[in-house]
Amino acid sequence: MATKVLLATPSLEVRDHLGHVFAESDDFELAAAVSDGAGVLTALDRQPDIGIVVVDEAADDGHGHAVARAVGLATPLTGIVMVVDAHGPAEMSRAMAAAMEVGARSVIARNAGLEEVLTRLEAVASWSAMARASIAAERNGGRSGQVVAIAGAKGGVGTSVLALLLARAGRAGDTVLVDLDLGAGDLTAYTGVRTRRSVVDLAAVEGEITGRMLRETTYEVPGGLRLLPAPSEGERGEEMTAAAARSVVSALRFESGLAVIDVGTHLDEPRATALEFADRVLLVTTPDLPALRAARRSLAQWDRLAIRRPSAVELVLNRRTSRDEVTPALVERIVERPVAFTVPDGGPAFSGAVNTATLLETPTAVHTAVAKVGVAALRTEQSSTQAGGADGPTEVESLVTGSSRRKGRRKGADPEAGQSTVELPVVILLVLMALMLCVQGIGWASGLLAARAAAQEGARTVGVMGYYDDGGRPRDGVVDQVRDDVRERLPDAFRSAVAPSDIEVSPETVSVRVTVSTILPGVDLSASSSAVVFREG
C-alpha cells in the first residue's frame, strides 16, 4: 500500500519537481499540496492516514521550521521531511541539525534527484510505520481486539438485528455486543435479556474502566456473547459523554477480541466518537429511495464533521429481494459508494424469530448471509500486520528492492514489455468465441423460424380436417396427418431430428419443437413454436 505524502510549499517549482518524483514511484502517493501551515493542519485533520509531511523551509513566508514544529506537536507519529536550499555536505549537515531540532526526520535539497528523494522518504516511512505499530501494540496490550460500529441510514432499516447477528458470527466467547442507541436501544428485547445495568453506568468511571467493570456491566447472551445494553430509561442517555464513549471503545478493544457497537441512526457526540474510533464502520440501508437518500446524507455529514471519510465506510444493503425495483447498481449510483455486502429479506420465518426473541436460536437465510458478511467484515488485516512484523521485509531489504526497481526503470526497461504478446492469444480466442456464438445464434434462429412455419402448417391441417367428427369424437388419423404435414414442411436439416413427441396436436393449438445442433459435442439447443388452430370451411 502506497504511503500518502502531504506537501507544504509556496514554490510551484518545488511542487512540480516533487510531483513528478511521486508519479514515478509506486510506494508514495501525493495526497495533497498546500502552501501554508494552516493548510497543513487542516489536511492532516481530514486525512489522518497521511504518513509523511514534506515541509519547505520557505513555507509561511520563510517560517517552514515553525510549520514543521507544529506538525510534530499535532501528530508526533507522522514523519516530517524538510526541503532546504543547501549545497554541499557542510550546508546539508547544518540544515539537518536545524531540521532535527523542530522534529524532522530528514532533509532533501530543492534540486535533489529521484534516487535521493525516494531513498530518504523510504527511510522516514519505515520509521513512521514502526512507530505507529509499536504505539498501537502498547496501547492494546498486545491484543488484536477489533471494534466494528454499525449505523443505520434511517430508522427501521434493521441496524440492531444486523448488529446482533454480526456479533453472533464473530468470535464465540470473546465478543461483546454494545447498544449505543442510547435513547431507543432494543437489543435487550431481541435477546430476551432483562437488565439492571447499562452502558451509561460506565460514564461515571471514564478513563478508569477495567475488565472487571465491563464484566459486571455486561450480560451473557445465548451463543457465547456478552451484551452491554442501552439504558431502559432513554433520558439517561444524556449521561454519556464523548470522553466516556471513547473510554468505553478503548476498554472494549483491550478486553475483548471483538466488539460490535450498534450506534443507531441519530448522531450525537458519544456516537460520533464511536464512529470515529472504530476499526470498521458499516452503514445499513434498504433498497428504497428514502433510505438511500438518508445514507447519502449521513456519509456527507460524517465527512463534513471530520468523523469518518466516505471511503472508510462500508455500505450494507439489507432486505434485498429479486423483486426490488431498486437494484444494487442503482444503489451505488445514488449513494455514490459501492455496496460491500447484501443481506436478503428474511420472510415469515425471520419475522417469527424476531417476534419471539429467538433470533440467536432460529437459523434463517438472513443468518447465513450475515455469517458470510461477518467473515469479510471481521477479517483482521493480516497483510498489514505481517508487513511490519518480524516476517516482513527489513528496512534494508525494502531500500534495496526499491533501488533495483528504479535502476531498471532508468535503463529504459519497459515494465509492460511482452504484455501485448501475452494478450494477443487471449484476444484471438475471445474473437473466435464471439464468432461461434453468432453462428450458433443464427442456427437457433433458423430452427425457430422452421418450427414456426411447421406449426402453422399443422394448425392449417387441423383447421381444414377438423379435430372432431360430427359426433364430437376425435377424427381417426388427424394427428398422424398433422405430424406428416409438419415433417413435410420442415427443412431436411431439421426433419430427422424431430420425434413424434416433439409435435403436440390439440383441438386449439399445434406445437413443434426443433432440435438444433451446437458446436459442442453432446450439447443441443431446442427451438419451440406454437400456432393457434382456426376452423376452416
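Residues in the range 251-264 include at least one that is modelled with pLDDT under 90, open to solvent by 20 Å² or more (accessible area, probe 1.4 Å), under 28 Å from A357 (Cβ atoms) and part of a helix (DSSP H, G or I).
The set of residues in the range 471-508 that are part of a strand (DSSP E or B) and either buried (at least 18 other Cβ atoms within 10 Å of the Cβ) or under 53 Å from the mean Cα position of the chain (by Cα) (or both) comprises I503, E504, V505. Candidates L73, L41: the one that is open to solvent by 60 Å² or more (accessible area, probe 1.4 Å), free of Cβ contacts under 8 Å to residues at least 40 places away in the same chain and farther than 19 Å from A131 by Cβ is L41. Can you say whether T515 is of a type outside the set (A, V, I, L, M), within 60 Å of the chain's Cα centre (by Cα) and closer than 18 Å to I442 by Cα, as far as the supplied structure shows? Yes, satisfied. Consider R197 carefully, then state whether it is open to solvent by 30 Å² or more (accessible area, probe 1.4 Å), within 14 Å of V178 (Cβ to Cβ) and touching a helix residue (DSSP H, G or I) at 6+ places or on another chain (Cβ under 8 Å). It is true that R197 is open to solvent by 30 Å² or more (accessible area, probe 1.4 Å), within 14 Å of V178 (Cβ to Cβ) and touching a helix residue (DSSP H, G or I) at 6+ places or on another chain (Cβ under 8 Å). For the range 157-184, a residue qualifies if it is open to solvent by 30 Å² or more (accessible area, probe 1.4 Å), in a loop (DSSP other than H, G, I, E, B) and on the phi < 0 side of the Ramachandran plot, and the qualifying residues are A169, R171, A172, D174, G183, A184. Counting only residues that are in contact with a helix residue (DSSP H, G or I) (Cβ under 7 Å, 6 or more places away or on another chain) and open to solvent by 30 Å² or more (accessible area, probe 1.4 Å), the range 315-335 holds 1 of them. Of T241, T218, T195, all but one fail to be over 23 Å from L267 (Cα atoms), within 32 Å of the chain's Cα centre (by Cα) and of a type in the set (V, I, T); the exception is T218.
Of the candidates V55, V34, V107, the single residue that is within 22 Å of S126 (Cβ to Cβ) and either basic (K, R) or under 35 Å from the mean Cα position of the chain (by Cα) (or both) is V55. Here V249 clears all of (1) of a type in the set (A, V, I, L, M, F, W, C); (2) farther than 23 Å from V221 by Cβ; (3) touching a Phe, Trp or Tyr at 6+ places or on another chain (Cβ under 6 Å) except the condition numbered (2). For the condition open to solvent by less than 60 Å² (accessible area, probe 1.4 Å) and without any contact (Cβ under 8 Å) to a residue 60 or more places away in the chain, I80 qualifies. Residues in the range 202-224 that are of a type outside the set (G, A, S) and surrounded by 17 or more Cβ atoms within 10 Å (Cβ to Cβ) were compared, and the one that is modelled with the lowest pLDDT is E206. Considering only the range 274-296, state which residues are open to solvent by 20 Å² or more (accessible area, probe 1.4 Å) and either polar (S, T, N, Q) or free of Cβ contacts under 8 Å to residues at least 24 places away in the same chain (or both). Those that are open to solvent by 20 Å² or more (accessible area, probe 1.4 Å) and either polar (S, T, N, Q) or free of Cβ contacts under 8 Å to residues at least 24 places away in the same chain (or both): none in the range 274-296.
Identify all residues within the range 225-246 that are assigned to a helix (DSSP H, G or I) and surrounded by 15 or more Cβ atoms within 10 Å (Cβ to Cβ); write none if there are none. Selection gives R236, G237, E239, A242, A244, A245, R246. Considering the conditions (1) within 30 Å of M433 (Cβ to Cβ); (2) outside any helix (DSSP H, G or I), G447 is excluded by exactly one of them, (2). Does R271 satisfy the criteria of being closer than 21 Å to G156 by Cα, open to solvent by 10 Å² or more (accessible area, probe 1.4 Å), among the charged types (D, E, K, R) and out of contact with any Cys (no Cβ under 9 Å at 6 or more places or on another chain)? So R271 fits the description; yes. Against the numbered list (1) at pLDDT below 85; (2) open to solvent by 70 Å² or more (accessible area, probe 1.4 Å); (3) acidic (D, E), D16 comes up short only at (1).
The values are calculated or read from the model by the stated rules, or taken from the named source; none is laboratory data. Keep in mind it's a predicted model, so treat the numbers as computed, not measured. With ideal geometry, Cβ positions are generated from the backbone for all residues, glycine too; neighbour counts draw on all protein chains shown. Areas reflect the complete protein model, heavy atoms only, side chains present, ligands, DNA and RNA absent. Shrake-Rupley method; radii C 1.70, N 1.55, O 1.52, S 1.80 Å.
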